[in-house]
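Here is the structure we will look at.
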């Protein structure tokens with residue numbers, strides 16, 4: 001495929017993603033490379049001045065996706081934290097959760113906890129945060145708290161969700177087995 005065809009295909013895929021993203025809003029609850037609307041929104045995420053807020057802002061979305069890729073594809077947590085904070089939306093559950101995840105992967109459990117709690121304050125129903133914070137609890141040896149997180153995930157997303165299965169599998173392993181999530 002030549003260079004211009006590749007660029008055109010990439011542009012078409014990006015445009016499709018922007019158009020399809022609002023149609024896939026139910027997939028946001030679990031988290032992913034698309035941030036979810038703030039918990040207080042009813043799907044109409046517009047500022048008073050009529051301009052789109054961050055969920056519709058292509059610059060925010062591109063920055064969020066870049067940070068997401070930095071975390072999950074490159075495992076460069078320090079850079080991802082900088083990228084996420086630079087977005088200026090660390091009060092959003094998705095952003096705060098990924099910052100917490102990155103600090104956890106770097107071994108800074110105190111800062112990780114602060115960011116997970118900030119994410120849950122922003123959206124108490126953010127399933128991915130309940131999962132990641134539950135894994136944090138397992139890593140800290142807080143199995144009862146991890147079980148509480150697992151029960152919360154079951155209420156929010158069901159026992160067939162990937163988040164539930166992931167945390168349940170971590171809880172099935174015995175303590176001190178070198179858990180890495």
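Readers should treat all values here as calculations from the given coordinates under stated rules, not as data from a laboratory. Please read these numbers as outputs of a predicted model, since none were measured by experiment.
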Bounding extents of segment 81-163 in its principal axis frame from Cα atoms, largest first in Å, are 35, 24, 19
For segment 52-123, the Kirkwood Rh over every pair of distinct alpha carbons, in Å, works out to 11.9 Å
Taking max minus min of the Cα coordinates of segment 125-176 on each principal axis, largest first, gives extents in Å of 28, 17, 14
